[in-house]
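Notes follow the structure.
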Amino acid sequence: AERLRHILGDDDNVPTPTIFTEMDTLQHEGGELEWKESARWVKFEEKVEEGGERWSKPHVSTLTLHSLFELRTCLQTGSILLDLEGYSLPQIVDDIVDRQIADGLIPPELKEKISFVLLRKHRHQTKKPIHRSLADLGKSSNAASRFTAPRRTYALGSQAALADCVSLTCKHTPVMMSKLKNKFMKKIPRDAEASNVLIGEVDFLEKPFVSFVRLAQATTLGGLTEVPVPTRFLFILLGPHGKTKSYNEIGRAIATLMVDDLFSDVAYKARDREDLIAGVDEFLDEVIVLPPGEWDPKIRIEPPKKVPSAEMRHMNGSAGGAAGGEDDEFPAPHELGEELKFTGRFGGGLWLDIKRKAPWYCSDIYDGFHIQSISAVLFIYLGCITNAITFGGLLGDATDNYQGVMESFLGTALAGTVFCFFGGQPLIILSSTGPILIFEKLLYEFSKSNDVDYMELRLWIGLHSCLQCFILVLSDASYIIKYMTRFTEEGFSSLISFIFISDAIKKMAGALKYYPINRGFKPDYITSYKCDCIPPDQYDNMTLLVSGKKNNYINSTLTDWSQMSKKECVKNGGLLVGNACKYPDLALMSFILFFGTYSMTVSLKKFKFSRYFPTKLRKLISDFSIFMSIMCFVGLDMLMGLDTPKLIVPTEFKPTRSDRGWLVMPFGKNPWWWYLASFVPALLVTILIFMDQQISAVIVNRKENKLKKGCGYHLDLFWVGVLMAVCSFMGLPWYVAATVISIAHIDSLKMESASSAPGEQPQFLGVREQRLTGILVFVLTGLSVFLAPILQFIPMPVLYGVFLYMGVASLGGIQFWERIKLYLMPPKHQPDFSFLRHVPLRRVHLFTLVQLVCLAVLWILKSTFLAIIFPVMILGLMVVRKLLDMMFSQHDLAWLDDILP
């Protein structure tokens, strides 16, 4: 263990290249000897399927313990050449054989025979079928010649040919050109180096010939390797006949070790034989044995979704067995970072936020130029306009149209664009919230009953709130957010998610009220259901005047009215009579559009993990899932031609009320003391804005999202305060961070590794941090007034389906939601969560119950006139969390929540 720590402690800042390992076995075909590729590794093993002429699925290598011990013996007894100067394969083979002779391992007369065998030609598994599958069509634009190419053979006998391959001109030879076209190259990182394992049986040896070679510099050795990757390591095992299976297992063992992160580090840094053996011993310490009676070795184990990193294994030391983490007494502590440290200086936190974000400003713009940004813009834009229209309509009802849909559109566009340009965390999406709506409603009713001018009073509340936000920013008050643990975050985000879900369902339930299902329909009497077009002259003059079609009369005696279509009948002044004349059940169609949009979006979002089609196409479909779902169901709605409720967008740029302008005057309509008294209601608004904004910011800035450009809690609050004042002067709604839409924004910008090893799950790399998507969303929201002719075709049920998806998707990954589901699962079917390993199930259920009670109280408060004290109740969640320290041990809280600072 000490030796290994000493080896790995050297040059830790130098990254170890990725190892590509190829195993070739010696074959006797037609009296000729040749090396045939039998398996390869990047991270996981792929075998050549016998007779199938194809590669197997990547799988975890399952090794026999005996093969590992035999490999250890091979390294102890064979020749080890470290940092050998090698330029061509013949020269390297000569050096290996000479070393074996010098060490007395083989007699000199066997030199020619061994060299002859080692320099035989290599045959690689590169044959392609004549017919291409649909999945291959999109994989490579320059691959046409590849699919009918015969299996390549590469001769390695010529010293001159190999010398050419050492030089850079080798890449222009047919061999290298065909190798460069190999699509498998996309799976191998650019800095990779190769390890070649050669295993064979010969009749002239009495005992195994074993050699492990590390070249001083990685060298391209012609056709030795399937892909044009320079070779750094060689492992050769030649032995007498009769032990084919044993030799192959030893070859698989060394190949698997070479792609192990820890052993490859040792292989690069080893100074002698003992260092290599120490690496094998470390591998043996960590290896896990499956009992033969309980496992069939023919079963191929699927690659795991998450592989422990080499860093974790390094940190956990050598000789300590399995890496820790899951079985530690305490999980890794929750840290919010230096952004929330109390500086003690006037405006210190704001200044640090500006210093932190300024260097990233240019990259925040050009990082947004990516196709993924287009899908994110379309998704969030539709969410924002739906929210703006819904909120604007409710606000218009609550304030007698002093603020309506037009003000909602303009305010969303203005506030969102400014915040995304200058805010500390541009991934946050600003929107109006339910508590603000209730505050506006109560304020309007109060103003109306006390003969106070609503708009002027609201302006002064906004100005006071802006001033209070500035005081909070300059005094570094955001540092209290560090007392907000997962308990508070999850309670708040779950509440907002449930609001989105319930609002979407509530809106759809309203469709039953406006478009009731025709319960009077009787299938038995279907023959009597009909709709006739009656000529206008069969009705009295009053009916015709009411219908307003008198001028459209045509001669009823010359026309067959029964053959007219519905449109023709109405156009010509006729009347439709009969039970079948009513519209079909629009409620049913609305629900089809609603659930169809949601279901299709969920399905297409998961298509990224499907087995069908190339990776790029799957990812593209997943990224544009929401847009494709909306387009499909808008198309279905247009095809059916039913009068479902559509999106109504204002078409003229003017205030909703004709008696108000775009600016609110601060003086003249209310007594002077109202200007001071408005400080009190402003305090409630400030608490609401502070809690709403900062909780959403904490959720967005979670370490799980792997954000690299830092955040700016103080800077965000500063701009929210500025926008409060601006929106108050213009009579626009107030805006704050929208939790669900912000989470959806982050979800639509998640990045995953592109060049992954075969079988390796794409790794989450972080979020595409930039300002462009947010800016475009809000600019489009402002331009929506001019897009009204297009947007009016979108049915509202489709947008409610998007709302439902956003609400459900934002619940994903919330531990609270996973713990709720545990109530319905028998213990043997419960997932293997880390907290279930460390905390008794009854304690887990008790903690979840406390959270459920808190959520229920918040829901009741939100749904009544008491919603005005909603922000104070969010603060109450932090108090409840502090009280939990008396109910639960610190150990339990560390796993279920976070330890309070």
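The values are calculated or read from the model by the stated rules, or taken from the named source; none is laboratory data. Predicted model only: the values in this text are computed from it and were never measured. Every residue, glycine as well, gets a Cβ built from its backbone with ideal geometry; the counts of neighbours run over all protein chains shown. Heads up: the accessible areas ignore ligands, DNA and RNA and are worked out on the full protein's heavy atoms, side chains in. Shrake-Rupley method; radii C 1.70, N 1.55, O 1.52, S 1.80 Å.
Quick rundown of the values:
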quantity: Residue-count net charge about Trp460 - beta-carbon cut-off 12 Å; Lys, Arg +1, Asp, Glu -1; calculated: 0
quantity: Sequence of Asp260, Asp716 from largest to smallest accessible area, 1.4 Å probe; calculated: Asp260, Asp716
quantity: Per residue solvent-accessible surface (Å²) - segment 586-687, probe of 1.4 Å; calculated: 59 Å²
quantity: Violating pairs (Cα-Cα greater than 22 angstrom) within the set Lys821/Lys862; Lys341/Lys706; Lys441/Lys669; Lys482/Lys750; Lys708/Lys750; Lys708/Lys821; calculated: Lys821/Lys862; Lys482/Lys750; Lys708/Lys821
quantity: Sum of side-chain charges, Val767 neighbourhood, beta-carbon under 15 Å (Lys, Arg +1; Asp, Glu -1); calculated: +1
quantity: Cβ-defined net charge surrounding Asp637, 11 Å radius [Lys, Arg +1; Asp, Glu -1]; calculated: 0
quantity: Solvent-accessible ranking of Phe212, Phe591, largest area first, probe 1.4 Å; calculated: Phe591, Phe212
quantity: Net dipole in debye of segment 814-900 [+1 Lys, Arg Cβ; -1 Asp, Glu Cβ; about Cα centre; nearest 20]; calculated: 200 debye
quantity: Relative packing of 786-797, 28-39, which averages over residues the other C-beta atoms within 10 Å, highest first; calculated: 786-797, 28-39
quantity: Ile299/Leu617 FRET efficiency (R0 30 Å; Cβ-Cβ; nearest 0.05); calculated: 0.45
quantity: Tyr598 accessible area, assembled protein chains, probe 1.4 Å, Å²; calculated: 50 Å²
quantity: Prolate/oblate/rounded call for segment 422-525, Cα gyration tensor, a/c under 1.5 rounded; calculated: oblate
quantity: FRET efficiency, Glu50 to Asp272 (Cβ-Cβ, R0 51 Å, nearest 0.05); calculated: 0.80
quantity: Relative contact order of segment 814-900, pairs being alpha-carbon contacts under 8 Å that are 6 or more residues apart, as %; calculated: 34 percent
quantity: As computed over segment 814-900, the Cα convex hull volume per residue (Å³); calculated: 97 Å³
quantity: Unit charges at the beta carbon, dipole of segment 814-900: most positive-side option, Thr864, Pro827, Phe888; calculated: Pro827
